[in-house]
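Each remark here refers to the structure printed beneath this line.
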Amino acid sequence: MWSGPRLRDVDGSIPGVERLLALSDGVVAIALTLLVLQLGVPHITDHQSWRELLRALWDQSALFTSYIVAFYVIAQFWLTHHRIFRMMRGHDESLAWWNFGFLFTITLFPFSAALIGAYPGNATAIDVFAINLLLASVATTLIGEIGRRHGLIRDDVATHVVRNGRIRGLAVEAVIVASIVVSWYAPAKAAYVWFLIAVVPALALRWFGTPPGSESDQRPGPEPGPGMVADAPRPGPAVE
């Protein structure tokens, strides 16, 4: 399944990524919409009492927190997904399947977010969400790797862009693993670790990333293997 047949259009060119992106955008939009369904309107006995309504809303604060966290991380994955596909000049069946794997992890977020909303102090609920995060991050990283191995990266994408993408993915996964560890000692604080996803990748790039124009900044050539897409030689220097 992972090294499926090469896909070719009628004129012999490889298919573009527009349909994959359209499908992915639709699935992400639905997942974001489903998140809000976990938020129910509270029932109060005195409909005129603002104190009772405020207390009822406060009782659902864990659900609101899980909604915000899940919305934020899905948005981050959507941005990363588009960043990766901007480097692609087309797709093959293997890349399409890995993209479905990514979408599978996205569709699980409404469930895992509702779980931590219902059981905010439960380490197992935190870990289920964290594992969901980890699977989404790994699937995202593998989409980029499959594209590189099958020669689907555009000619004008420099090596530092691909390498820095790997570093960014590893940094995200390190944050997620750290949240799993924290959940067993302080479950209520573990969810806040996920917000480091916005900071840690940038720090990792500053410390370990390859700057543009370095000596190793060459075009990322494809690696031979099943499902390889053979096209014309890639002329020209690498650019960002």
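The values are calculated or read from the model by the stated rules, or taken from the named source; none is laboratory data. Bear in mind the structure is a predicted one, so any value in this text is a computation, not a measurement. Note that each Cβ is placed from the backbone with ideal geometry, even for glycine, and that neighbours are counted across all protein chains shown.
Annotations
- For the range 11-48, the candidate set comprises residues that are of a type in the set (S, T, N, Q) and modelled with pLDDT of 80 or more; within that set, the residue that is surrounded by the fewest Cβ atoms within 10 Å (Cβ to Cβ) is THR33.
- The set of residues from the range 173-209 being over 21 Å from ALA114 (Cα atoms) and either in a loop (DSSP other than H, G, I, E, B) or touching a residue at least 60 places away in the same chain (Cβ under 8 Å) (or both) comprises TYR185, ALA198, VAL199, GLY209.
- Of all residues in the range 99-114, exactly one satisfies the criterion of being over 27 Å from GLY151 (Cβ atoms) and free of Cβ contacts under 8 Å to residues at least 24 places away in the same chain, namely PHE111.
- Within the range 198-215, restricting attention to residues that are modelled with pLDDT of 80 or more and β-branched (Val, Ile, Thr), the residue that is surrounded by the fewest Cβ atoms within 10 Å (Cβ to Cβ) is VAL199.
- Single residue of ALA62, ALA96 found to be touching a helix residue (DSSP H, G or I) at 6+ places or on another chain (Cβ under 7 Å), in contact (Cβ under 8 Å) with a residue 40 or more places away in the chain and within 11 Å of ILE143 (Cα to Cα): ALA96
- LEU170 closer than 20 Å to THR65 by Cα, without any contact (Cβ under 8 Å) to a residue 60 or more places away in the chain, in a helix (DSSP H, G or I) and not β-branched (Val, Ile, Thr): no
- Just one of the listed residues (HIS43, HIS82, HIS47, HIS91) is under 16 Å from GLU18 (Cα atoms), part of a loop (DSSP other than H, G, I, E, B) and of a type outside the set (A, V, I, L, M), namely HIS91.
- Taken together, the residues in the range 50-89 that are surrounded by fewer than 20 Cβ atoms within 10 Å (Cβ to Cβ) and either among the charged types (D, E, K, R) or in contact with a Pro (Cβ under 8 Å, 6 or more places away or on another chain) (or both) amount to 13.
- Matching residues in the range 47-93 - criterion: being closer than 25 Å to GLY151 by Cβ, over 18 Å from the mean Cα position of the chain (by Cα) and not charged (D, E, K, R): GLY90, HIS91
- Subset of the range 71-97 [of a type outside the set (Val, Ile, Thr) and out of contact with any Gly (no Cβ under 9 Å at 6 or more places or on another chain)]: PHE71, TYR72, ALA75, GLN76, PHE77, TRP78, LEU79, HIS81, HIS82, ARG86
- Pairing residues of the range 70-84 that are in contact (Cβ under 8 Å) with a residue 12 or more places away in the chain with residues that are of a type in the set (D, E, K, R) and in a helix (DSSP H, G or I), at Cβ distances under 8 Å and at least 6 apart in sequence or on separate chains, gives TRP78/ASP25; THR80/ARG168.
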